[in-house]
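Read-outs: derived from the displayed coordinates by stated rules, not from any lab. Source: prediction; values computed, not measured. All Cβ positions, glycine included, derive from the backbone under ideal geometry; neighbour counts span all protein chains shown.
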Amino acid sequence: MSLFRTSFPATSDFAPLFRLLDDYDNHRSNNSLPTTRSFAPKFDIRESKEAFHLDGELPGIPQENIDIEFTDPQTLVVKGRTQREYHTTEPGSEQALETMEKSQKAQAGHRYWAKERIVGEFSRNFSFPNPVDQDKVKASLKNGILSVVVPKATVPGTKKITIE
């Protein structure tokens, strides 16, 4: 519901002004939502003869905040969470820890000019068309790129049974 009532006909000279005010009101309402939300990171997915290769962008997300699991024999789920951190001193020093704690407490009082970094929980599901070998899956995280190699299950060959 708009705060600005348009009592003028849509063809009046004031219609663009009221449309602009309605857009502003909608924008303001949408920005009052909580800052934590969910998102889906981008992945490149390749297939070779032996495996499926997934490479996803997870910049700044520590390994302990990422979970990889199978929900069924052929569906892999990559999920986790990210949050904002601000560092103004050398990472790892006592002063840095104090600064981080103060920064987190003071964030509520900051007036942001822009909030472009994604914060919140993420999840991606990957369903494979062929059976996979869950026991041989390998994952690594380097420079913000999560690489997962999901080997295909070996298909047992035909075996001829001789009648005795």
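Quick look at the numbers
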{"read-out": "Spacing of the two label points (7 Å from each Cα toward its C-beta) at residue 164 and residue 136, in nm", "value": "3.2 nm"}
{"read-out": "Residue 19-residue 42 FRET efficiency (beta carbon distance; Förster radius 35 Å; 0.05 resolution)", "value": "0.50"}
{"read-out": "Computed label-point distance, nm, for sites residue 63 and residue 112 using a 7 Å Cα→Cβ extension", "value": "3.0 nm"}
